[in-house]
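Structure, as structure tokens:
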Amino acid sequence: AAAGSTVELGCSARGDPAPQVQWHREHGDLPWGRHEVDREHTLRLYAVTPADAGAYVCTAQSQLGTAAATTFLHV
């Protein structure tokens, strides 16, 4: 991603009952005040900087178990 741009990271999780979905960084916190997660579980990062580069993990959890997927952001 180009520095200063907005990045969208998708996470598709479905089930019955619907799973709880959370995003986190593998090392560090999500950018304070520069991120949001919408109803479709897409993580948006605004005005990304090189410090935002790294691994981001989407975790879905329900009564049936837990699943996680990792994506890497390069700025």
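The values are calculated or read from the model by the stated rules, or taken from the named source; none is laboratory data. In this text the structure is predicted, and so the values were computed from the model without any measurement. Cβ placement follows ideal geometry from the backbone for every residue including glycine, while neighbour counts extend to all protein chains displayed. Please note that ligands, DNA and RNA were not included when accessible areas were found on the heavy atoms of the full protein model with its side chains. Shrake-Rupley method; radii C 1.70, N 1.55, O 1.52, S 1.80 Å.
Those strands (runs of 3 or more DSSP E) of the range 1-59 in which 1 or more residues are more than 14 Å from residue 75 (Cα to Cα) occupy 20-25, 35-37, 43-45.
Within the range 50-67, restricting attention to residues that are surrounded by 13 or more Cβ atoms within 10 Å (Cβ to Cβ) and hydroxyl-bearing (Ser, Thr, Tyr), which residue is nearest to residue 29 (Cα to Cα)? Looking at the filtered set, the residue picked out is 56. Across the range 24-46, the qualifying residues are those that are among the hydrophobic types (A, V, I, L, M, F, W, C) and open to solvent by less than 30 Å² (accessible area, probe 1.4 Å), and the one among them that is nearest to residue 66 (Cα to Cα) is 43.
Within the range 1-23, residues that are within 19 Å of residue 36 (Cβ to Cβ) and small (Gly, Ala, Ser) reach partners that are open to solvent by 50 Å² or more (accessible area, probe 1.4 Å) and not in a loop (DSSP other than H, G, I, E, B) with beta carbons closer than 8 Å, at six or more positions or on different chains, in the pairs 13/67. Taking (1) hydroxyl-bearing (Ser, Thr, Tyr); (2) surrounded by 15 or more Cβ atoms within 10 Å (Cβ to Cβ); (3) within 11 Å of the chain's Cα centre (by Cα) in turn, residue 70 satisfies each apart from (2).
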